[in-house]
Amino acid sequence: MFCFQCEQTSRVDGVAGCASAKGVCGKDETTADLQDVLIHLLKGIGQYSTRLHQLGQPDNAADSFIMYGLFTTLTNVNFNRAVFMELIPEAARIRDRLRAAYEAAAAKAGQTAAQLSGPAQFQPADNLAGLLAQAQIASVRHGVEIVGEDVIGLRALILYGLKGVAAYAHHAEVLGQANEEIYAGIAHALDFLAGEPVDVAAMLDEAMALGRLNYTVMQTLDAANTGNFGAPAPTEVLTTPVAGKAILVSGHDLRDLHNILEATKDKGINVYTHGEMLPAHGYPKLHAYPHLAGNYGGAWQNQQSEFAAFPGPIVMTSNCLIEPQPSYRNRIFTAGPVGWPGIRHIKNDDYSQVVQAAQAMPGFTEAAPEKKVLVGFGHETLMGAAGAVVDAVKSGAIKHFFVIGGCDGAAPGRNYYTDFADHAPKDAMVLTLGCGKYRFNTHDFGTIGGLPRLLDVGQCNDTYSALQIALALAKTFECGVNDLPLSLIVSWFEQKAAAVLLTLLALGVRNVRLGPSLPAFLTPALLGVLVEKFGVQPITTADADISAALNRQAA
Amino acid sequence: MVVTLVTRDAARLEFPCASGQDVLGAAEAAGLYPPAMCHEGSCGMCQARVVEGAYEMGPHTESAMPAGPGGVLLCRCLPQGDVTIELPCTDAQVGRHKIPVREAEIEAMAQAGAGAVALTLRLRPDAELGLAVDFIPGQYMELTILGTETRRAYSLANLPNWEGRLDFIIRLQPGGAFSSWLGERAAVGDVLNVRGPLGHFVLDESSPRPRCLVGGGCGMAPLLSMLRHMADFQDSQPVHLIYGANREDELLPAEELDALRAALPQLGVTLSVWRPGPGWTGFSGTSADALDAYLATAAETPDIYVCGPPRMMEAVMSTAQRRGVPEAQIFAERVQS
Ligand SMILES: Cc1cc2nc3c(=O)[nH]c(=O)nc-3n(C[C@H](O)[C@H](O)[C@H](O)COP(=O)(O)OP(=O)(O)OC[C@H]3O[C@@H](n4cnc5c(N)ncnc54)[C@H](O)[C@@H]3O)c2cc1C
Ligand code: SF4
Ligand code: SF4
Ligand code: FES
């Protein structure tokens, strides 16, 4: 196995990449290799799908399969080898179906069908040993001796960004929002990768195209979320338990949460959010369920002790899952793209076992003294407050905006983000999104210009909302986003953050602070490009970076 | 060497640590599970601070190490003598192998082949656990007859569930204390004390190899639970069951295996009978003989799960070794103490 797609990738003795029998996340060698083979086949589907899109005969079922397939390979999503043993032959069948469809469509259009090679022709073995023997050609490092590290790194940037795009697109699609641009864009990126590109300029262009595509995808996901559940409104969320039976829902999928709320209606079971599900409380139609009781716990890396102590079943709807400990193995369930061997998987939205488990378990025997956090500052709310914000900027009450967004993780270096939020001057407004917020969202930030000084914009995909606000401010002040007193402090962990970073770069947002460590797949030369062309800056210390941000503004 | 972990709320957790063993491994061996993920010095989840004692750090990712004096990763910290280590979490956040003790009523007893009883118990609801029957297929429970000292281990044959249901298959040992009680005096409604789950005889679900389950005598229950688990999860891993008995009437009722075969299409079964009657057309011999025949033609060396009385176990283990099955691929449970 070789995997270096996430921030916590092994760097034992300075060598980057998880390459032993098991990755840092717990993904084993077999699963990692099978994931590589699956991605190779998805490229093959992408090759034919792209041509079908061009011929006006898209196969959207295949395109959704691509999104789902890519999603299963994100960090902390699916660890179940058996799932990949099924997805691989399915991918091959779909690819072959598309090949036939493409040849027919080409003939009909009076063209000769192109003879595609590479993943388009790859025949996966029908047994595990055979697949593992094939995995080498599907590895992200395949061909490094010939093309060199920079090319491998750029291909990885595109692939990992694409995984993030696919995950967001899948979330939007299950809520009924998808479009040609997204389907074709994802297929195109796979087709591009299938061609084993070596031209650095072309790859950078592709990465930027992916960043723009991700903007559309986040916009579509925003439309899906707000369309189904209403525009987020400021909402106080209980972070302490109430007495009664309980179910915990983690991950990012609002549709799954909604289905669980429906399945537990009038059953005397309280539903709690966990991790990235916290922003769900801001959506009026979810908030309206009286048994959506509160939020329990914090970011994903604390789940072992939090899940062990939770007195009811747990549902994991997307990343980030880590190895379930024995004490809760039997009461944790996975849904959608998520999986772990020996852990129950919800099929066809049937939550009856989860309900049964909640009823069989004692739940919380008593309420704890109430504590709350405030969520729900999506773009509609923020636009509504734009007048007040603009006034506060003009009066000098708000001198700077920091967007501290992205993922959390276990590495000690992530204290940087806690320090950053805590040390930001009192006349700076802090916007936050992603699960990194748990490091500081219970701290008292006070108010600024009549608004809370810390605004929770939502999940990591709600970067879209943060961008709307930035664009609106830039318009009001008749300047570019880079001229605003605004700094983006991005903490990355997995591939959705890679997609968001590409979006920021594609939109020309400069001076993004990236940490806690830089992606292992970016070589010094590629980092040089990011720094020079896009002004990306690695983090240093919180205090130094705060004053640099403020001084840049003063300069 | 002794390791003392001090939690943020000042609980002191003490356990032994061998030379060359890392603190996390020693803690887990002692049934304590501090937060941890990669077990290889990379994720930073197991960070802690040594406040007293000498230690060395094995290979790790530098950025995962906590800053400051004594900062360590438990999974890579090798004590060189007694050490005291501060954990950044509370006592409640350290996972424990809690072994609940509960009461259960006999709900049903039925014959399961000659000389064996299928016993079904129903747990009484528990304040902390409700009706959850939480275990990993392959594990066992200790049953104590109320008001007596008679306590015996029996493997669970069913699956974890939320209904308080525990199924066992108990082979009656002539003259045995528990066997006599069960065979002669026990009645529906009687109450037993139940302690568990216990044991480490469980499937290695991360292994990519085919599985071969070998059971004999009273050792069928855990294997049944494993197979039911695989069926329940539509686990497509190749699996072969070798089920040995002295006489064919001691085999489980055929419906039991038919149900498994229906749910697990890839399941191969060898029924082996040591002293078969004249009409027997299946394999004649011990389960070790049957395993030998199976391994002789197996395309890939399987993981072997074996459960049964000591003599059978020894025969099976030596067959496996002779056929070159690595020790790490043999999982065993003795059902007689
Ligand atoms: C981990 C584990 C799992 C197990 N799972 C199962 C299971 O699923 N099913 C199952 O049937 N068993 C299982 N066993 C075995 C079970 O625990 C008991 O050992 C078995 O049922 C015998 O218990 P008993 O009280 O009936 O016999 P005991 O009283 O313990 O006696 C055991 C044997 O010794 C003989 N004996 C007793 N007293 C004397 C004496 N004074 N002189 C001569 N011989 C004597 C008896 O005849 C009997 O054959 C398991 C054991 C272990 C350790
Ligand atoms: S996802 Fe991250 S931790 Fe897991 S194997 Fe890949 S790089 Fe390693
Ligand atoms: S924001 Fe990233 S790290 Fe956090 S839970 Fe979501 S996927 Fe995981
Ligand atoms: S468990 Fe990951 S560093 Fe120790």
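FYI, it's all coordinate maths here, none of it is from the lab. Predicted, not measured: the structure shown is a model, and the values here were computed from it. Quick reminder, even Gly has a Cβ in these numbers, built from the backbone with ideal geometry, and neighbours come from all protein chains shown.
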### Query
What Cys residues in chain B are without a partner cysteine, judged by a Cβ distance under 4.7 Å?
B:Cys17, B:Cys46, B:Cys75, B:Cys77, B:Cys89, B:Cys212, B:Cys218, B:Cys307
### Query
About its Cα centre, what dipole magnitude does the stretch B:109-201 give when the only charges are +1 on Lys and Arg Cβ and -1 on Asp and Glu Cβ, stated in debye to the nearest 20?
200 debye
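What fraction of the Cα pairs in chain B, stated in percent, has a spacing above 38 angstrom?
Details: 16498 of 56616 pairs.
For chain B, the share of Cα pairs beyond 38 Å comes to 29 percent.
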### Task
At 30 Å minimum axial length over the Cα atoms and a Kyte-Doolittle cut of 0.5, report the qualifying DSSP H helices in chain A, or say none.
A:149-174
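How shielded is B:39-51 by partner chains, expressed as the average number of their Cβ atoms within 10 Å of its Cβ atoms? Spell out each step's value before the answer.
Values: counts 4, 8, 4, 12, 12, 9, 9, 1, 3, 0, 0, 0, 0.
Counting Cβ atoms of other protein chains within 10 Å of each residue's Cβ and averaging gives 5.
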### Test item: A:298-305 mean partner chain Cβ contacts at 10 Å
4
### Message
Suppose each label sits 7 Å from its Cα in the direction of the beta carbon; what would the A:Arg510-B:Trp181 distance come out to in nanometres?
### Response
8.2 nm
### Gap separating the Cα centres of the stretch B:80-103 and the stretch B:296-337, nearest whole Å
34 Å
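Ranked highest first by average number of other Cβ atoms within 10 Å, how do A:364-374, B:17-27, A:214-224 line up?
On the way: A:364-374: 12.9, B:17-27: 18.1, A:214-224: 23.2.
Sorting A:364-374, B:17-27, A:214-224 by mean packing, highest first, produces A:214-224, B:17-27, A:364-374.
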### Task
Of the options A:Asn551, B:Gly138, B:Gly324, report the single residue whose Cα projects farthest towards the positive end of the charge dipole of the protein assembly as shown (beta-carbon charges: Lys, Arg +1; Asp, Glu -1).
A:Asn551
### Query
What does the highest-first list of A:17-25, A:418-426, A:523-531 look like by mean Cβ count within 10 Å?
A:17-25, A:418-426, A:523-531
### Query
Got a sec? Charge dipole of the stretch A:235-360, +1 on Cβ for Lys and Arg, -1 for Asp and Glu; which of A:Gly294, A:Gln359, A:Gln325 is way out at the positive end?
A:Gln359
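Around B:Ala254, with a cut-off of 11 angstrom between Cβ atoms, what is the net charge of the other residues, counting Lys and Arg +1 and Asp and Glu -1?
Net charge in that neighbourhood comes out at -3.
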### Query
What pairs in A:Lys27/A:Lys267; A:Lys399/A:Lys496; A:Lys108/A:Lys347; A:Lys43/A:Lys347; A:Lys163/A:Lys371; A:Lys108/A:Lys496 have C-alpha atoms more than 32 Å from each other?
A:Lys27/A:Lys267; A:Lys108/A:Lys347; A:Lys163/A:Lys371; A:Lys108/A:Lys496
### Summary
Rounded to 0.05, the calculated FRET efficiency for the beta carbons of A:Thr365 and B:Thr148 at R₀ = 30 Å is 0.35
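Rg over Rh of the stretch A:12-228, using C-alpha atoms and the Kirkwood radius, what does it come to? Don't jump to the answer; show the numbers that get you there.
Numbers: Rg = 17.1 Å, Rh = 17.8 Å.
Radius of gyration over Kirkwood radius for the stretch A:12-228 works out to 0.96.
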### Query
Any idea which of A:Ala101, A:Ile137, A:Asn179 is furthest toward the positive side of the dipole for the stretch A:12-228, if Lys and Arg beta-carbons carry +1 and Asp and Glu beta-carbons -1?
A:Ala101
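Net charge around A:Asp543, counting only other residues with Cβ within less than 12 Å of its Cβ (Lys, Arg = +1; Asp, Glu = -1)? Kindly include the intermediate steps, with their values, before the conclusion.
On the way: positive: none; negative: A:Asp419, A:Asp422, A:Asp545.
Result for the neighbourhood of A:Asp543: -3.
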#### Entry: Residue-averaged beta-carbon neighbours from other chains (10 angstrom radius) around B:156-162
3
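Net charge within 15 Å of B:Gly53 by Cβ-Cβ distance, Lys/Arg positive one each and Asp/Glu negative one each, not counting B:Gly53 itself?
Working: positive: B:Arg12, B:Arg49; negative: B:Glu14, B:Asp22, B:Glu52, B:Glu56, B:Asp82, B:Glu86.
Summing Lys/Arg as +1 and Asp/Glu as -1 gives -4.
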### Once exposed loop GluC sites (Glu not before Pro) are cut out (DSSP; at most 13 other Cβ, 10 Å), longest piece of chain B
B:164-299
### Message
At 222 nm, what value in deg cm²/dmol follows for the protein assembly as shown if DSSP H runs of at least 4 each add -39500 (n - 2.57) and the sum is divided by all its residues, to the nearest 500?
### Response
-11000 deg cm²/dmol
### Query
If you place +1 on the Cβ of every Lys and Arg, -1 on the Cβ of every Asp and Glu, and leave all else neutral, what size is the dipole of the stretch B:4-119 about its Cα centre, to the nearest 20 Debye?
80 debye
### Message
Could you compute Rg(Cα) / (2.2 N^0.38 Å) for chain A, with N its residue count?
### Response
0.95
### Query
In whole Hz, what ³J(HN,Hα) sequence does the stretch A:433-447 give by Karplus (6.51, -1.76, 1.60; θ = phi - 60°), x for Gly and Pro?
7, x, 7, x, 4, 4, 5, 9, 6, 9, 6, 8, 9, x, 10
#### Entry: Gap separating the Cα centres of the stretch A:45-88 and the stretch A:402-481, nearest whole Å
34 Å
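With the alpha-carbon atoms as the only input, what is the per residue convex hull volume for the stretch B:1-137 in Å³? Display every interim value, and only then the final one.
Numbers: hull volume 21.3 nm³, N = 137.
Hull volume over Cα atoms, normalised by residue count, gives 155 Å³.
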### Message
What's the magnitude of the charge dipole for the stretch B:211-334 around its Cα centre, counting Lys and Arg as +1 and Asp and Glu as -1 at the beta-carbon? Answer in Debye, nearest 20.
### Response
260 debye
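Restricting to Cα atoms and excluding each atom paired with itself, what does the Kirkwood estimate give for the stretch A:235-360 in Å?
On the way: mean 1/r = 0.0708 Å⁻¹.
In the stretch A:235-360 this quantity evaluates to 14.1 Å.
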